[in-house]
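The values are calculated or read from the model by the stated rules, or taken from the named source; none is laboratory data. Here the structure is a predicted model, which means the values were calculated and not measured. Each accessible area value is taken on the protein alone, full model and side chains, heavy atoms only, with ligands, DNA and RNA left out. Shrake-Rupley method; radii C 1.70, N 1.55, O 1.52, S 1.80 Å.
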Amino acid sequence: MDLMGMMGKLKETQQKIEDTKKRLDTVLIDEQSADGLLKITITASRKIKSISIDDSLFEDKEQLEDYLIVTINKAIEKATNVNERELDAVARMDMPSIPGMDNLFK
């Protein structure tokens, strides 16, 4: 077992994961309510970038709150799926085969 080689590979993998996380900050995901009255843009890192609310939703506070909750949760779910897929791909592709280390980056 080449311990130095594995440590180098681990460090390289960690750098690739950090680079992927930075790139995910720039990946935008759009989500909207079923009727299109509320639109959310979120990064794959789950940071909200914009919210667009149709004026008609301001007439009913409770409805607006419901729209926000549902649409934001859908956007977060999509972003989380993209985030996990990307990071898992990097970790699996480059991770040295070390018993017990398969869950290190989750």
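Write down the accessible area per residue of region 1-95 in Å², having rolled a 1.4 Å probe over the full set of protein chains.
For region 1-95, the solvent-accessible area averages 67 Å² per residue.
At each listed q (0.12, 0.15 Å⁻¹), what is the log10 of I(q)/I(0) that the Debye formula gives for the chain modelled as equal alpha-carbon point scatterers?
At q = 0.12, 0.15 Å⁻¹ the computed log10 ratios are -0.54, -0.69.
For region 60-77, in order, what is each residue's ³J(HN,Hα) by Karplus, 6.51 cos²θ - 1.76 cosθ + 1.60 with θ = phi - 60°, in whole Hz (x at glycine and Pro)?
These are the phi-based 3J(HN,Hα) values: 9, 4, 4, 5, 4, 4, 4, 4, 4, 4, 5, 6, 5, 4, 5, 5, 5, 4 Hz.
Considering only protein heavy atoms and a probe of 1.4 Å, how much of the accessible area of the chain is carbon and sulfur, as a whole percent?
53
Could you list, in their original order, any pairs among K21/K49; K11/K39; K16/K39; K9/K47 whose Cα atoms are separated by more than 28 Å?
K11/K39; K16/K39; K9/K47
For region 2-12, take each phi angle, set θ = phi - 60°, evaluate the Karplus expression 6.51 cos²θ - 1.76 cosθ + 1.60, and give the result in whole Hz per residue in order, putting x for glycine and proline.
In residue order, the calculated couplings are 8, 5, 5, x, 5, 5, x, 5, 5, 5, 4 Hz.
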